[in-house]
Amino acid sequence: MTTDVVITGLGVVSPLGHGPQEFWHGLLAGRVPVGPLHSPGTPVHGEPVYQVSSPPPADAAEVTGRATGFALAASRSALVDAGLDTADASVRDGIGLCVGTGNGDSDLQEAARDGRHEQTGLRWFTYGTTGVLARELDVHGPGLTVSTACTAGAYAVALGADMIADGEADIVLAGGTEAVCRPAIGAFLRLGASDPLHCRPFDADRAGTVYGEGAAFLVLESADHARARGRVPYARVLGSGWSCDAFHATAPDPSGVQAGRAAREALERGGASRRDVGAVMCHGTGTPANDSTESLVTAELLGDRTADVPVTAVKASLGHSGGAAGAFACVTAALVLRHGTVPPVATLRTLDPRCTLRVVRDRPQPAVGDTVLVNAYAFGGNNISVAIGAAIGHTAHPEAGT
C-alpha cells in the first residue's frame, strides 16, 4: 500500500451504547449486555442475544430494516467525528462506500413472512443497505457491498483502504452492519454452536457463540487529504492479508495454515513484523473449534513474544455480530492505538489450558507496540487479517488504572 490511509472518524451503534466514547468505556468496564430474545412461539424464544437497546432513529425517507437503520446512524456519527457532516457537495461527490453485512435487512423478510409487513421489491437484500446509505448521505463515490459472512466488516475496511490506495477515492466510509436474525440463530442451534449463557472466547467452559447486532463504520482517508483538512487521525490502515481454507463449509481448518498466512501477509504488506505487534484483536467466537485454531495460529505468529503481547476478543461484550464483527474489531483497534490500552475479555473466567496467549482478563492492559492485528474468519473458509498502525507522530498514553 503506497498511499498512506488513515482513520479520521469512527461511528458505532452497539449493545454497549452508541458512539465511540460510550462503546470504548463499555469495553474497558467489561460490560456484558446479554439478555433473552423475545420471540414468542418460535424455537429461538429466550435464547441469549446481545441486542441494541434504544437504537438511534434511521431518519430515512423509506422503510428500512434494523441493519440499515444501524448503518445509517453509525455512518452519520462517523462523518460527524471526522468533521465531514457539513462537507460541501464537491467533497461528498467523491466519498466512497464499502459496506459489509451477512444478512442485510432480514427482519423485513421475517416480518413479511409473519404477516407483520408487506414486502415490496428487493429491500431486504444485502446490497440494499449500500444504496440507502448513498442516497441518504448524498455520497456519490464508488459503492461496494461485501457479504463474506463473518469476515464482511473486515473485508469492507480492507477494500475501502485499497480504493484509496488505488486512487479511486480520497475518502471512503467503510464498515459493517448486522441485526439479530432468528433463522441465523436457529442455524447455530442446529449446528450445536450456541452457548446457553454468553459468548466466552478462550474460556475452558466455552460452548459456542451468541448472536449480537449493531454497526461500526470508519472514515478512511488518504493521509494527504486528511492533513489538508487539518484532521488528526486515530490510526493508519497498514495492510491486509486474505486467504481461504478450502477445507469445510462451516468449520475452520484446525491446522490454521491459511489463517496464519493471512496474518503474516497483512503485516508484510503493511511494512510491519511480529516485533511491532502491540495487541491482537482476535476473532474469538467462543466456539471450541475457532478459538483452538486461533490460539495456535496467533502463538505461531508471535513466537517468542506470545507471553508478552496482549490479545482480546470483543465478542465477549458484543456477541457475534456477523458481518459487522470485523468492523467492530477495526474500530476497537483504532481506539487501542489512540489510548494505548487493550480492553479485557469480559466473560473469561478459566482460560483454556491449551491456550498459551496472553488473553487480557479482569482489567485492561497496556498495548506493547504500535501495530494492532485484527483477525476475522468466516463460513466458507474466508480468512482476513488487517494491520492497523499508530498515527504518525502519535504517542499513546495508557489510561489510568490499566
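The values are calculated or read from the model by the stated rules, or taken from the named source; none is laboratory data. All figures in this text were calculated on a predicted structure; none of them were measured in a lab. Neighbour counts run over all protein chains shown; Cβ positions are idealised from the backbone, glycine included.
Residue-by-condition table, conditions (1) part of a loop (DSSP other than H, G, I, E, B); (2) under 28 Å from Val345 (Cβ atoms):
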| site | (1), (2) |
| --- | --- |
| Leu10 | no, yes |
| His38 | yes, yes |
| Pro43 | yes, no |
| Ser54 | yes, yes |
| Ala58 | yes, no |
| Ala78 | no, yes |
| Leu84 | yes, no |
| Ala87 | yes, no |
Quiz item: Which number in (1) surrounded by fewer than 20 Cβ atoms within 10 Å (Cβ to Cβ); (2) modelled with pLDDT of 95 or more marks the one condition that Ala87 misses?
Solution: (2)
Quiz item: For segment 116-136, does any single residue satisfy the condition of being more than 30 Å from Pro40 (Cα to Cα), modelled with pLDDT of 80 or more, of a type in the set (Ser, Thr, Tyr) and not in a loop (DSSP other than H, G, I, E, B)?
Solution: yes
Quiz item: Would you pick out the residues in segment 172-205 that are in contact with a Ser or Thr (Cβ under 8 Å, 6 or more places away or on another chain) and among the β-branched types (Val, Ile, Thr)?
Solution: Thr177, Ile185
Quiz prompt | Selection count, segment 12-36, where residues are part of a loop (DSSP other than H, G, I, E, B) and either loosely packed, with under 15 Cβ neighbours inside 10 Å or not aliphatic (A, V, I, L, M) (or both) | solution = 5
Exercise. State which residue pairs qualify: first residue part of a helix (DSSP H, G or I) and inside segment 322-341, second residue of a type in the set (S, T, N, Q) and surrounded by 24 or more Cβ atoms within 10 Å (Cβ to Cβ) in any location, beta carbons under 6 Å apart, and separation of 6 or more residues or different chains.
Key: Gly323/Thr101; Ala324/Thr177; Gly326/Thr151
Quiz prompt | Condition check for Gly319: surrounded by fewer than 24 Cβ atoms within 10 Å (Cβ to Cβ), in contact (Cβ under 8 Å) with a residue 12 or more places away in the chain and farther than 16 Å from Asn375 by Cβ | solution = no
Quiz item: Of everything in segment 260-309 that's outside any loop (DSSP other than H, G, I, E, B) and among the β-branched types (Val, Ile, Thr), which residue is farthest from Gln365 (Cα to Cα)?
Solution: Thr293
Quiz item: Among the residues of segment 163-189, which ones are surrounded by 20 or more Cβ atoms within 10 Å (Cβ to Cβ) and assigned to a loop (DSSP other than H, G, I, E, B)?
Solution: Ala169, Asp170, Ala179, Val180, Cys181
Self-check item: Matching residues, segment 161-171, being out of contact with any Ser or Thr (no Cβ under 6 Å at 6 or more places or on another chain) and either basic (Lys, Arg) or farther than 16 Å from Leu133 by Cα (or both)
Solution: Ala161, Asp162, Met163, Asp166, Gly167, Glu168, Ala169
Self-check item: Selection count, segment 224-236, where residues are buried (at least 18 other Cβ atoms within 10 Å of the Cβ), under 21 Å from Ala87 (Cβ atoms) and of a type in the set (A, V, I, L, M)
Solution: 1
Quiz item: Looking at segment 190-223, which of its residues are part of a helix (DSSP H, G or I) and touching an Asp or Glu at 6+ places or on another chain (Cβ under 8 Å)?
Solution: Ala223
